Each structure stands twice: as structure tokens, then as C-alpha cells.
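Below: one structure, written as C-alpha cells.
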Amino acid sequence: MNRALISAAALLLLAACNSGERAPEPGAPTVTVADALCRPTPRGRQTTGCYMTLTASGPDRLISVESPEANIVQIHESRMESNMMMMQQLRDGLPLAAGQAAVLAPGGNHLMLLGVKEPLAAGDTVTLKLTFETAAPVEVTAAVAQPAASEYDQAAAH
Ligand SMILES: [Cu+2]
């Protein structure tokens with residue numbers, strides 16, 4: 001009797017684990033996200049940039065991003081215009097080539113948090129929900145820290 005109860009409980013637990021785990025179907029398109037980082041908010045400002053590396057298993061597109069920590073998250077590109085670094089929203093999202101790491105980095109493509117609700121300081125975290133054209137959505141926890149100077153920064157300084 002006791003034994004039967006225990007194994008029934010074990011089965012229930014197993015079932016709960018399996019349903020909670022959102023393992024993609026074998027062969028289903030996926031996007032993996034690495035090194036997610038958001039810059040601390042500058043004093044008195046409610047905007048900041050987030051960076052990460054996205055690798056899609058098949059051709060895909062980052063369509064939109066949401067965060068409970070900010071009113072709006074936009075996908076931005078940076079480019080030089082009349083010798084000035086300008087940034088602009090990628091309204092059609094960010095295309096991801098199959099199997100190629102797309103690096104979001106300071107001075108290049110990045111995510112922009114607008115209307116950050118509480119100031120972000122080093123050591124905080126930001127939850128980002130990424131929605132793709134094909135792959136299942138991905139939720140990542142980005143660390144808040146100053147990003148290392150990237151090749152883009154150095155290029156911009158020269
Ligand atoms: Cu931006």
C-alpha cells in the first residue's frame with residue numbers, strides 16, 4: 001500500500017517535470033542566447049542598452065522583445081552618419097542566419113530598454129523575452145554590468 005502510494009507519487013512528479021520542461025521537438029528550430037548583459041542605467045536616465053549573442057539553428061528573425069523591467073524594448077542598429085554614431089530601430093527585426101552567431105554589442109546592433117522602471121545597477125538582473133519568427137520564444141536573464149569595450153567601440157573611436 002505504502003509502496004504503491006510512493007510510486008504513484010513518483011509518477012506524478014515525473015509527469016510534472018516532463019510537462020514543465022519545454023524541450024523542443026527534435027529538429028524544431030531553436031535560438032540559443034548567450035552572454036546576455038544590460039548596461040547600468042546612467043544616472044537620471046531611463047534608457048539603456050542590452051547585448052547578447054544569438055545563434056539560430058535555421059534561418060530566423062528576432063521580431064520583438066519584452067521585459068518586465070522596462071515599458072518598451074526596441075531592437076536597434078548603430079551606424080555612422082556624417083561621422084556621428086546614430087542608432088535607429090530595426091522595424092522589421094533582426095535577421096538571423098542559420099548556425100551563425102549574431103552578436104549584439106556596444107556600437108553595433110543592440111536591444112534598447114526604454115522607460116526602465118527602476119534604476120539598474122551592476123549586480124541587478126533583467127528578464128528579456130525574445131520572440132522569433134520561427135523558433136519558440138526564449139526568456140533570458142541578463143546580468144547588469146558594464147560591457148567590455150568591443151571592436152565596434154574601438155572602430156568608432158578611430
Ligand atoms: Cu539604441
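The values are calculated or read from the model by the stated rules, or taken from the named source; none is laboratory data. None of these values were measured; they are calculated from a predicted model. Heads up, the Cβs are rebuilt from the backbone with ideal geometry, glycines too, and the neighbour counts pull from every protein chain shown. Side chains included, ligands, DNA and RNA excluded: accessible areas come from the protein's heavy atoms. Shrake-Rupley method; radii C 1.70, N 1.55, O 1.52, S 1.80 Å.
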Expressed as a rounded percentage, what relative contact order does the range 50-136 have, with Cα pairs under 8 Å and six or more residues apart?
46
Enter the accessible area of Asp124 (Å², nearest 10), with the probe set to 1.4 Å and all protein chains included.
60
Using a simple charge model, +1 on the beta-carbon of Lys and Arg, -1 on the beta-carbon of Asp and Glu, nothing else, what dipole does the range 30-157 show about its Cα centre, in debye to the nearest 20?
240
Residue by residue through the range 81-96, what is 3J(HN,Hα) from phi via Karplus (6.51 cos²θ - 1.76 cosθ + 1.60, θ = phi - 60°)? Round to whole Hz and write x for glycine and proline.
9, 6, 6, 10, 7, 10, 10, 8, 6, 8, 5, 9, x, 10, x, 10
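Give, as a single signed number, the net charge of other residues whose beta carbon lies under 12 Å from the beta carbon of Ala145, with Lys and Arg counted +1 and Asp and Glu -1.
Here the count lands on -1.
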How large a share of the accessible area of the range 30-157, in percent, is made up of carbon and sulfur atoms when the probe is 1.4 Å and the other protein chains stay in place?
49
Once the convex hull of the alpha carbons of the range 30-157 is built, what does its volume come to per residue, in cubic angstrom?
105
For Ser82, Ser57, Ser64, the accessible-area ranking with a 1.4 Å probe, largest leading, is Ser82, Ser57, Ser64
